[in-house]
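Encoded as structure tokens, the structure appears first; notes follow it.
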Amino acid sequence: MREEIIIAGSGGQGILFAGELLAQAAMNIGKEVSFFPSYGAEIRGGSANCTVVISDKEIGSPVVFNPSSIIILNNFSLNCFLPRLKKGGLLVINSSLVNTEINRQDIEIVRIPASEIAEKKVGNLKTTNLVILGKYLGKKRIIPMENMLKSIKTVLNGEKELISLNSEALQYGYEYPLVVNSVNPDN
Amino acid sequence: MKRTQRAKRTKRTKPAQRILMKGNVAICEGAITAGCQAYYGYPITPQNEIPAYLAKRMVELGRVFLQAESELAAINMVFGSAVAGARAMTSSSSPGISLKQEGISYLAGCELPAVIVNVQRGGPGLGNISGSQGDYFQATRGGGHGDYKNIVLTPYSVQEMYDLTILAFDLADKYRNPVIVLADGVLGQMLEPVTPSTISHQPIAISKDWALDGCKGREPRKIRSLLMAEGALEEHNWKLNEKYSKIKKNEVRYETYNLMDAEIVLVAFGIAARVGKGAMNIARGKGYKVGLIRPITLWPFPEKIISDTAERLHSITQSLNHLTTFLVVEMNLGQMLEDVKLAVSGKVPVEFYGRPGGGLVTQEEILEKIKQISK
């Protein structure tokens with residue numbers, strides 16, 4: 001298998017954290033993995049993205065122009081990355097914040113109101129990143145949930161409260177009803 | 001009895017422990033493993049994780065960490081530690097490495113071991129913070145004034161950021177010479193699994209019988225690069241030259257992939273080799289006979305494997321009338337290209353694909369170039 005994921009949103013949404021978590025879990029199940037962040041004069045509210053490549057074989061370039069999946073947390077990122085998504089690729093969007101019309105017919109689209117779930121169900125808006133990551137994993141099933149939960153513990157290194165909060169968010173997303181290509185799953 | 005056997009088996013099948021690590025942190029861990037006793041640095045993106053990480057770790061280990069007031073100060077602090085016989089390192093990114101050149105020339109002149117890490121960014125001038133390979137000439141031609149050489153190691157994965165930093169310290173001590181680890185912003189910022197060394201890397205057993213470590217009970221020693229006596233400087237330069245010849249003979253390192261039947265041979269180093277390898281694999285899948293030579297030491301440059309390969313490509317063209325060529329890929333507009341051309345010596349064509357500071361070559365672009373050449 002080979003999967004190239006770009007996670008994109010705004011600085012402060014936990015984009016890099018979600019990517020690192022994914023990379024950590026993929027490594028733990030024995031995959032080859034690379035993680036490349038956008039870096040620079042990053043500020044809260046500016047744009048942020050990262051590329052994670054997961055593969056059974058050695059990974060060539062850690063920077064990918066045409067990813068097989070994109071996870072989009074805000075409108076701006078959708079405009080940037082939608083044209084770059086591979087034909088037949090997967091788009092996971094945070095429908096709480098992304099309202100732009102999607103003009104591609106050759107991709108698979110999964111919508112989840114991640115911010116809303118994070119705020120109302122998990123009780124913390126900051127867990128939007130893990131809710132949407134959970135949804136992606138629920139769709140792709142490339143890493144078992146138990147490995148993801150283990151990796152949360154590794155990355156958060158003993159921060160008990162954060163571990164349980166993030167684990168909960170990930171599970172909410174993972175179990176969220178899979179609705180493909182529908183306009184608004186909440187109505 | 002049974003129990004022992006089981007224990008043994010478990011031990012044998014236990015997978016090597018992998019740690020997800022950032023490139024810059026892997027350099028730090030490599031330095032710590034190699035027994036680096038002192039680090040001096042001054043902040044600049046994209047290598048800031050190095051001083052940040054070492055500020056904590058070196059102090060925990062009871063070793064020296066110092067944020068210098070400038071790049072010049074940092075390289076001269078390295079000089080001070082090296083002259084006293086310690087393993088010392090500094091790191092920076094391109095504009096900062098330019099500032100260190102005077103100090104590196106003095107280290108070379110005084111034959112002092114030191115490790116200098118350059119996590120390259122785009123230039124010239126302040127450029128920007130994205131990864132680049134624009135400092136190839138600066139690193140391999142000496143960089144500062146005078147007729148000297150740095151050993152230049154160039155990693156292409158986070159694992160090699162770790163491994164080659166360890167090697168850098170060993171080579172520096174072995175030859176009493178500055179060693180440059182030439183990385184780039186992409187490698188510095190990316191995360192990959194690293195399998196740390198399980199071997200204990202104590203400073204290799206070289207007695208530093210030249211170090212200025214206090215002359216109580218022995219004759220005082222002198223280390224200097226100012227040699228005013230008639231013929232003394234020329235003699236010193238001949239001596240350095242002899243050392244450089246020895247390094248050229250002993251320390252060339254490279255890797256080759258799919259060379260056996262290759263008719264298009266990529267030559268690339270660092271992150272460009274990584275991207276090139278990806279492109280090679282895709283091209284192979286499409287039936288193109290592509291191979292790759294990846295220099296690990298940029299100085300000494302692996303010229304022999306390149307000239308041998310040129311001979312072979314030339315004979316393929318002669319006997320089969322197939323087009324054969326080298327394709328150099330760099331994140332600059334053609335620096336290593338000159339060394340490849342020297343080694344190929346006109347036997348077969350040498351094509352080039354590169355993007356200058358601020359641009360990252362992609363697999364797709366290299367593949368396109370391969371298709372273009374094959375037409």
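The values are calculated or read from the model by the stated rules, or taken from the named source; none is laboratory data. Just so it is clear, the structure is predicted and the values come from calculations on it, not from any experiment. Counting neighbours? That spans all protein chains shown, and the Cβs are built from the backbone with ideal geometry, glycine included. Just the protein is used for accessible areas: all its heavy atoms, side chains included, with ligands, DNA and RNA removed. Shrake-Rupley method; radii C 1.70, N 1.55, O 1.52, S 1.80 Å.
Can you give me the number of residues within segment A:19-50 that are under 28 Å from B:Ile282 (Cβ atoms) and either of a type outside the set (S, T, N, Q) or in contact with an Asp or Glu (Cβ under 7 Å, 6 or more places away or on another chain) (or both)?
18
Which residue, of B:Lys8, B:Lys56, is modelled with pLDDT of 95 or more and assigned to a helix (DSSP H, G or I)?
After applying the criteria, what remains is B:Lys56.
Considering only segment B:343-374, state which residues are out of contact with any strand residue (DSSP E or B) (no Cβ under 8 Å at 6 or more places or on another chain) and either in the same structural domain as B:Gly122 (by TED's automatic domain parsing) or part of a helix (DSSP H, G or I) (or both).
B:Ala343, B:Gln363, B:Glu364, B:Leu367, B:Glu368, B:Lys371, B:Gln372
Within segment A:105-118, is there a residue that is in a loop (DSSP other than H, G, I, E, B), without any contact (Cβ under 8 Å) to a residue 40 or more places away in the chain, surrounded by fewer than 21 Cβ atoms within 10 Å (Cβ to Cβ) and of a type outside the set (A, V, I, L, M, F, W, C)? Before the answer, list the steps.
So the first thing to find is which residues in segment A:105-118 are in a loop (DSSP other than H, G, I, E, B), and the list is A:105-107, A:113.
With the extra rule that they be without any contact (Cβ under 8 Å) to a residue 40 or more places away in the chain, the set shrinks to A:105-107.
Imposing the further condition that a residue be surrounded by fewer than 21 Cβ atoms within 10 Å (Cβ to Cβ) reduces the set to A:105-107.
Now narrow it down to the ones that are of a type outside the set (A, V, I, L, M, F, W, C): A:105-106.
The answer is yes, given that some residue of segment A:105-118 is in a loop (DSSP other than H, G, I, E, B), without any contact (Cβ under 8 Å) to a residue 40 or more places away in the chain, surrounded by fewer than 21 Cβ atoms within 10 Å (Cβ to Cβ) and of a type outside the set (A, V, I, L, M, F, W, C).
State whether one or more residues within segment B:210-223 are within 27 Å of B:Phe301 (Cα to Cα), surrounded by 13 or more Cβ atoms within 10 Å (Cβ to Cβ) and not aromatic (Phe, Trp, Tyr).
no
Tally the residues that are crowded, with 21+ Cβ neighbours inside 10 Å and at pLDDT below 95, restricting the search to segment B:329-359.
The qualifying residues number 1.
Within segment B:20-27, does at least one residue satisfy the condition of being modelled with pLDDT under 95, more than 20 Å from B:Asp173 (Cβ to Cβ) and open to solvent by 20 Å² or more (accessible area, probe 1.4 Å)?
The answer is no, given that none of the residues of segment B:20-27 is modelled with pLDDT under 95, more than 20 Å from B:Asp173 (Cβ to Cβ) and open to solvent by 20 Å² or more (accessible area, probe 1.4 Å).
I'm trying to understand the selection: among the residues of segment B:153-173, which are away from chain A (no Cβ under 14 Å) and farther than 19 Å from B:Phe79 by Cβ? Spell out how you get there, then give the answer.
At the first step, the residues of segment B:153-173 found to be away from chain A (no Cβ under 14 Å) are B:153-154, B:162-173.
If the condition is that a residue be away from chain A (no Cβ under 14 Å) and farther than 19 Å from B:Phe79 by Cβ, then B:Leu153, B:Thr154, B:Tyr162, B:Asp163, B:Leu164, B:Thr165, B:Ile166, B:Leu167, B:Asp170 are the ones that fit.
Residues in segment A:31-77 that are surrounded by fewer than 23 Cβ atoms within 10 Å (Cβ to Cβ), of a type in the set (A, V, I, L, M, F, W, C) and in contact (Cβ under 8 Å) with a residue 40 or more places away in the chain: how many?
Number satisfying all stated conditions: 1.
Could you check, for segment B:237-256, whether at least one of its residues is within 30 Å of B:Ser319 (Cα to Cα) and surrounded by 15 or more Cβ atoms within 10 Å (Cβ to Cβ)?
Yes: one or more hits.
Within segment B:89-106, take every residue that is within 20 Å of B:Ser225 (Cβ to Cβ) and touching a Leu at 6+ places or on another chain (Cβ under 9 Å) and give me the one that is surrounded by the fewest Cβ atoms within 10 Å (Cβ to Cβ).
Per the stated criteria, the residue is B:Glu102.
Across segment B:263-296, which residue is nearest to the other protein chains (Cβ to nearest Cβ) among those that are crowded, with 24+ Cβ neighbours inside 10 Å and under 15 Å from the mean Cα position of the chain (by Cα)?
Taking the candidates together, the pick is B:Arg274.
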